[in-house]
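In what follows, a single structure is set out as structure tokens and then discussed.
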């Protein structure tokens, strides 16, 4: 079939052609199509006129395909198959069961959170294509704002939500990360004030401003301003710098679960009951994307009572 002809062909007529080709009987074909025989005859005649080719020979012995009809039959079947697939995929996407979901995540989301969310989401929604991109919290917020990503897994609180809303997934307190052999590592627990005078690895002021502001606020509340020797964006990079002996850092308590013989983590007694930060799912406020809503619902189920919706600054 020529493309120019196909543009004007009604899918119903292609279906009529295929059913008649299968039965080679107008009466039987009209029954299968739930229509009367005269409209079927007219439909086939119009299809032949549109294509400029006879598809069937009608004779005393019944109906048979012409060479043109025989040549066109496989393509006609494929057209109907693709049309059905197209309609099915559109319906699935409309319900959030198919489509593309772009997810930005901070590096520390790989320490359990992604492992809980992604396999379950893929199992429940196998026809959704996931595009995962590691990033910083600030880049994720910008991506949500400019709609280059649909979901973000990031640390909260944030200073400027840029129109995003958040579903809190894992709340955390902060602990002190020290290089092995540090004098404070001899103690089982510390107070924030014990860290006064130490060199700090702080979070980048432009890419991780939420985490940085929490650390600065806590130190100031303890009576000192932390002395920064280095800055980093990702928590893993902060820990790598602590490991070199350049300074100490305040990090989420979950990082203490990672085995590292060159690092020591110590709880801070004055923060023990304070859940100051949280890994959260960020999304555009009032997002109407069904696939985004599916991911939010799954995350709320997976994290149960830990999950809580919040606006603006999150956590």
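No value in this document is a laboratory result; all are computed from the given coordinates. What you see is a predicted model; the values in this text were computed from it and never measured. Cβ atoms come from the backbone with ideal geometry, glycine included; neighbour counts cover every protein chain shown.
Quick look at the values:
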{"read-out": "Degrees between helix 67-94 axis and first principal axis of the chain (Cα, 0 to 90, nearest 10)", "value": "30 degrees"}
{"read-out": "Cα centroid separation - the stretch 198-215 against the stretch 116-176, whole Å", "value": "20 Å"}
{"read-out": "Spacing of the two label points (7 Å from each Cα toward its C-beta) at residue 35 and residue 189, in nm", "value": "8.0 nm"}
{"read-out": "Most fluctuating residue given options 72, 249, 300, as computed from a GNM of the chain linking Cα atoms under 10 Å", "value": "72"}
{"read-out": "Extension reserve of the residue 84-residue 46 stretch, reckoned as 0.36 nm per residue once the Cα distance is removed", "value": "11.4 nm"}
{"read-out": "Computed log₁₀ I(q)/I(0) - Debye formula, equal Cα scatterers, no solvent, the chain, q 0.10, 0.12 Å⁻¹", "value": "-0.67, -0.82"}
{"read-out": "Within a Gaussian network of the chain (alpha carbon springs, distance under 10 Å), most fluctuating of 227, 120, 15", "value": "15"}
{"read-out": "Per-peptide average of other Cβ atoms within 10 Å, ordering 100-107, 57-64, 38-45 highest first", "value": "100-107, 38-45, 57-64"}
{"read-out": "Label point distance in nm, residue 180-residue 159, each placed 7 Å from Cα along Cα→Cβ", "value": "3.7 nm"}
{"read-out": "Mean projected area (nm²) of the alpha-carbon convex hull when the stretch 112-254 is viewed from all directions", "value": "9.8 nm²"}
{"read-out": "Segment residue 199-residue 68, extension gain: residue separation times 0.36 nm, minus the distance between their alpha carbons", "value": "38.9 nm"}
{"read-out": "Between 0 and 90°, nearest 10: helix 37-51 axis offset from the chain longest Cα axis", "value": "70 degrees"}
{"read-out": "Point-to-point label distance, residue 127-residue 206, nm (Cα→Cβ direction, 7 Å offset)", "value": "4.4 nm"}
{"read-out": "Percent breakdown of C-alpha pair distances by 5 Å bin, ordered from the shortest bin, for the stretch 174-271", "value": "2, 15, 28, 29, 20, 6, 1"}
{"read-out": "Full-extension gain in nm, residue 75 to residue 293, via 0.36 nm per residue minus C-alpha separation", "value": "74.7 nm"}
{"read-out": "FRET efficiency estimate (nearest 0.05) - Cβ-Cβ, residue 225 to residue 145, R0 30 angstrom", "value": "0.40"}
